[in-house]
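The values are calculated or read from the model by the stated rules, or taken from the named source; none is laboratory data. If you're wondering where the values come from, they're calculated on a predicted model, not measured in any experiment. All Cβ positions, glycine included, derive from the backbone under ideal geometry; neighbour counts span all protein chains shown.
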Amino acid sequence: QVQLVESGGGLVQAGGSLRLSCAATKRTSSNNAMGWFRQTPGKEREFVAAIGWRGGSTLYADSVKGRFAISRDNAKDTVYLQMNSLGPEDTAVYYCAVSRGSVASTLKEYYIYWGQGTQVTVSS
């Protein structure tokens, strides 16, 4: 089945930037919407951003609008999350996911394949 390989997480100071990458093992993912979610211990996994299969439609959580940008390169079966102006509130494990459909969604129930997660830590 589809597997996702994430990279780009790490430690960054407040105000800094990181770029997360998530590569899928199969090109079939290019026909599906993809998304990013994040989770902290004891908390629900929350929606961050999503992008439609052609990249024309994007959705963002209110907390990251204007700071984060999701994009995809279907030729590489890769989705990116550019994160700018990071703050401690952004500290979490970030997960990329592939949706069952082609339309971007905020609902985790729509996503059928998940990465292992990558830690993002923002120091104050």
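With respect to Trp53, determine if the residue is hydrophobic (A, V, I, L, M, F, W, C) and out of contact with any Phe, Trp or Tyr (no Cβ under 9 Å at 6 or more places or on another chain). Before the answer, list the steps.
Values: hydrophobic (A, V, I, L, M, F, W, C): yes; out of contact with any Phe, Trp or Tyr (no Cβ under 9 Å at 6 or more places or on another chain): yes.
Yes: the conditions hold for Trp53.
With respect to Gly55, is the statement that it is surrounded by 15 or more Cβ atoms within 10 Å (Cβ to Cβ), under 14 Å from the mean Cα position of the chain (by Cα), assigned to a loop (DSSP other than H, G, I, E, B) and not hydrophobic (A, V, I, L, M, F, W, C) true?
When the stated conditions are applied, Gly55 passes them.
Which condition from (1) assigned to a loop (DSSP other than H, G, I, E, B); (2) touching a residue at least 60 places away in the same chain (Cβ under 8 Å); (3) surrounded by 15 or more Cβ atoms within 10 Å (Cβ to Cβ) is the one that Leu81 breaks?
Every listed condition holds for Leu81 apart from (1).
Take the residues in segment 56-97 that are closer than 23 Å to Gln1 by Cβ and of a type in the set (Gly, Ala, Ser); name whichever of them is modelled with the lowest pLDDT.
The extreme case among them is Ala75.
Scan segment 104-124 for residues that are assigned to a loop (DSSP other than H, G, I, E, B), more than 16 Å from Leu11 (Cβ to Cβ) and either in contact with a strand residue (DSSP E or B) (Cβ under 7 Å, 6 or more places away or on another chain) or of a type outside the set (A, V, I, L, M) (or both) and jot them down.
Ala104, Ser105, Thr106, Gly115, Gln116
Out of segment 10-49, which residues are part of a loop (DSSP other than H, G, I, E, B) and more than 19 Å from Asn84 (Cβ to Cβ)?
Thr25, Lys26, Asn32, Ala33, Thr40, Pro41, Gly42, Lys43, Glu44, Arg45
Please state which of the following conditions Ser71 fails to meet, knowing it meets all the rest: (1) free of Cβ contacts under 8 Å to residues at least 40 places away in the same chain; (2) outside any loop (DSSP other than H, G, I, E, B); (3) of a type outside the set (Lys, Arg); (4) buried (at least 16 other Cβ atoms within 10 Å of the Cβ).
Among (1) free of Cβ contacts under 8 Å to residues at least 40 places away in the same chain; (2) outside any loop (DSSP other than H, G, I, E, B); (3) of a type outside the set (Lys, Arg); (4) buried (at least 16 other Cβ atoms within 10 Å of the Cβ), the lone unmet condition for Ser71 is (4).
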